[in-house]
1. Residue by residue through the range 50-77, note down the ones that are surrounded by 10 or more Cβ atoms within 10 Å (Cβ to Cβ) and farther than 27 Å from residue 119 by Cβ.
2. For the range 31-42: of the residues being in contact with a strand residue (DSSP E or B) (Cβ under 9 Å, 6 or more places away or on another chain) and surrounded by fewer than 13 Cβ atoms within 10 Å (Cβ to Cβ), which is modelled with the highest pLDDT?
3. Any residue in the range 107-121 that's within 18 Å of residue 58 (Cβ to Cβ): show its pairings with residues that are modelled with pLDDT of 95 or more and assigned to a helix (DSSP H, G or I) at Cβ separation under 7 Å, as long as the two are six or more apart or on different chains.
4. Has the range 91-103 got at least one residue that is in a loop (DSSP other than H, G, I, E, B), modelled with pLDDT of 95 or more and out of contact with any strand residue (DSSP E or B) (no Cβ under 6 Å at 6 or more places or on another chain)?
5. Restricting to the range 78-100, give me the number of residues that are farther than 28 Å from residue 60 by Cα, surrounded by 15 or more Cβ atoms within 10 Å (Cβ to Cβ) and more than 13 Å from the chain's Cα centre (by Cα).
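The values are calculated or read from the model by the stated rules, or taken from the named source; none is laboratory data. Only a predicted model underlies this, so the values are computations on that prediction, with no experimental measurement involved. All Cβ positions, even for glycine, are placed from backbone atoms using ideal geometry, and neighbour counts span all protein chains on display.
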């Protein structure tokens, strides 16, 4: 048995959208249903989170970039600046099943990719979208 189906899905990338009439056998229809079920299930089980991550050099280490900025503040007639430290601010939006899972993902990203744990410290805030 064969069936012709036209499928339009707005929230799937264009590379995955079937816009032409395609002939599906029952097995293909079952696979198509499972794919759409997974997409719908993914939206139900996972929530969007937004993380703001600040990475700064450790206090014990010199910050040559910050020192240069601090020294040149005088040239801009900005006085009273004692210390400048320069770091990174990273924002990240991602899916997670719970707040605990979201914390774990951000911790892992910071420790293994974003921060050099020998020279830098990090802090982050997390909120559910």
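1. Listed by number, the list holds a single entry, 74.
2. 31
3. As it stands, the answer is 117/111, since those pairs meet every condition given.
4. Narrowing the range 91-103 to residues in a loop (DSSP other than H, G, I, E, B): 97-98.
Pick out the ones that are also modelled with pLDDT of 95 or more and you get none.
Looking through the range 91-103, none of the residues is in a loop (DSSP other than H, G, I, E, B), modelled with pLDDT of 95 or more and out of contact with any strand residue (DSSP E or B) (no Cβ under 6 Å at 6 or more places or on another chain).
5. The qualifying residues number 0.
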